[in-house]
Amino acid sequence: MIFNRGNPRDFDGWAAQGLTGWGWADVLPHFRRLEAFSEGGCATRGGNGPLQVTRAKAAHPLFDVYMQSGEQAGHRRPADHDSSDQDRMHIAQCTIGDGKRCNSASARRGNVRTWCCKPGRS
């Protein structure tokens, strides 16, 4: 249920090693089509895809203390780690919508090809 796209630098590294079509700019449109981020869509996040993505609940009282201590130690805390460099502190994201787990099967009832594959590719 934890959702993490992967580090953009990894995708760009794979493309640089010859995996055509796997650079971050190549895969980002697919991630955007895939997800419905609970905080809304933007240039780097999808807002109306089939896979529900939400920020995990961080309700324990020590969570804020932990995050503040990291910031005081010089670690950055982005508003959305999947929209920036991931080498920072963040709240995990998960595939939960309406209180239920959301995965590729429940998001598209097994019809994955319609939203993840490039046109003309099987």
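At-a-glance table
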{"read-out": "Unmet criterion (only one of (1) of a type in the set (Gly, Ala, Ser); (2) touching a residue at least 60 places away in the same chain (Cβ under 8 Å); (3) not in a loop (DSSP other than H, G, I, E, B)) for GLY13", "value": "(2)"}
{"read-out": "Selection within segment 79-97 - part of a loop (DSSP other than H, G, I, E, B), out of contact with any Lys or Arg (no Cβ under 8 Å at 6 or more places or on another chain) and either closer than 18 Å to GLY41 by Cβ or of a type in the set (Val, Ile, Thr) (or both)", "value": "ALA79, SER84"}
{"read-out": "Test result for ASP26, acidic (Asp, Glu) and farther than 23 Å from ASN7 by Cβ", "value": "no"}
{"read-out": "Residue list for segment 44-77, filter: among the hydrophobic types (A, V, I, L, M, F, W, C) and either modelled with pLDDT under 90 or under 17 Å from GLY6 (Cβ atoms) (or both)", "value": "LEU51, VAL53, ALA56, ALA58, ALA59, PHE63, MET67"}
{"read-out": "Residues within segment 32-78 that are within 16 Å of ILE96 (Cα to Cα) and in a helix (DSSP H, G or I), tallied", "value": "1"}
{"read-out": "When residues of segment 85-99 are limited to those that are in contact (Cβ under 8 Å) with a residue 12 or more places away in the chain and among the small types (Gly, Ala, Ser), the one surrounded by the fewest Cβ atoms within 10 Å (Cβ to Cβ)", "value": "ALA92"}
{"read-out": "Pair list, Cβ under 9 Å, 6 or more apart: segment 50-72 residue without any contact (Cβ under 8 Å) to a residue 12 or more places away in the chain and over 18 Å from ALA107 (Cβ atoms), other residue surrounded by fewer than 11 Cβ atoms within 10 Å (Cβ to Cβ) and of a type outside the set (Asp, Glu)", "value": "TYR66/HIS60"}
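The values are calculated or read from the model by the stated rules, or taken from the named source; none is laboratory data. Fair warning: this is a prediction, and the values are worked out from it, not measured in the lab. Note that we place each Cβ from the backbone using ideal geometry, even for glycine, and neighbour counts take in every protein chain shown.
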